[in-house]
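**Q** Here it is, the structure, as structure tokens.
What follows is calculated from the coordinates using simple rules that are stated; it is not laboratory data. Model, not experiment: these values are computed from the prediction. Methodologically, a virtual Cβ is constructed for each residue, glycine included, from the backbone with ideal geometry; neighbour enumeration extends over all protein chains shown.
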Amino acid sequence: MPEIIANIQWAEVLRNLGIVTIKLILILIVYGIAKGIGNRIINSSFQKLEEKKDMSEGRAQTLKSLTKSIYGYVLIFILVVVVMGTFGISIAGLLAGAGVIGLAIGFGAQGLVSDVVTGFFILLEKQLDVGDYVTAAGMDGIVEETGLRTTHIRGFDGTLHYVPNRNISTVSNHTRGNMRALVDIGISYDDDIDKAIQVLQEACDRVAESNEDIVDGPNVVGVQSLGSSDVVIRVIAQAKTNMQWAVERELRKAMKQALDANGIEIPFPHQVYIHKNENND
């Protein structure tokens, strides 16, 4: 008789365990479906806003990233609540004790709260958007993702920096407005400065005609400095966002070719070696 009762109890335990397992699997499936559908709706909504030109592409990507982040946190909270309910844990009791627990961990969560508050104001004030070239928390690079807790900045060497928002005290956004392309080039002291400026300006005009990334200029502003072996002439242009480096490279090539074609020397430092012979009698 005791063996029969024990078998019945084990059967009941296994049955309950099977029911709980099935419930957990169904909960996870529903969570995955809800997350997938929600992300698709978010992507579709912001894509329509971009197509209608209601907001810029960078701003749309920023808000989309933030919306996905908030939606993900809400789903995780619901998932935890449902799973706890499946195991028979009282949510009301948990919430009643949340004040004591929150007080206990509050000091450790100050950084998280600071991240969220700072991230909120960064996004509210539109200090940066996805795709912007920024300097923040000592990091230079392109913003790939923004959230309430961290900002992802891709450095120009390919490194992805995860920057906590509380560390972003100052943001230098280099993509708001046109970017400056600046090239300094030196000529010999023996060459005619006026002729060199004319040759360089003609080369710059040719580049401007063929390069759509140039917004204004390039203009030869004149002699920038007198070096130890050269006269430095400065050229300035305005380029589209993040295209200033390409414009500078093209300008350097065109100006070098123009100076060579007109016989104008680009000097470089020379070293003179003096060998002293000592005659030993």
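**Q** Pulled fully out, how much extra length does the chain show between A34 and E209, if you take 0.36 nm times their separation in residues and subtract their Cα-Cα distance?
**A** Additional length available on full extension: 57.7 nm.
**Q** Beyond 18 Å, what percent of the Cα pairs of the range 110-173 remain?
**A** Considering the range 110-173, 23 percent of its Cα-Cα pairs are separated by more than 18 Å.
**Q** Here's a follow-up. Among I197, I76, which comes first, then next, by fewest other beta-carbon atoms within 10 Å?
**A** Arranged by neighbour count, lowest to highest, I197, I76 become I76, I197.
**Q** In nanometres, what is the gap between the two model label sites at I70 and S225, each 7 Å from Cα along Cα-to-Cβ?
**A** Placing both labels 7 Å beyond Cα along the Cβ direction yields 5.0 nm.
**Q** Hey, rough spin-label estimate for E265 and S188, points 7 angstrom out along Cα→Cβ, what's it come to in nanometres?
**A** 0.3
**Q** May I pose another question? So if R0 is 35 Å, what FRET efficiency would N242 and V82 give, r being the distance between their Cβ atoms, rounded to the nearest 0.05?
**A** About 0.20, to the nearest 0.05.
**Q** Counting other Cβ atoms within 10 Å, which GluC sites (Glu not before Pro) in the range 203-266 have at most 11 and lie in a DSSP loop?
**A** E212
**Q** Mind jotting down the three principal axis lengths of the range 159-224 based on Cα atoms? Whole angstrom, largest first.
**A** Each principal axis gives a Cα extent; for the range 159-224 these are 55, 29, 21 Å.
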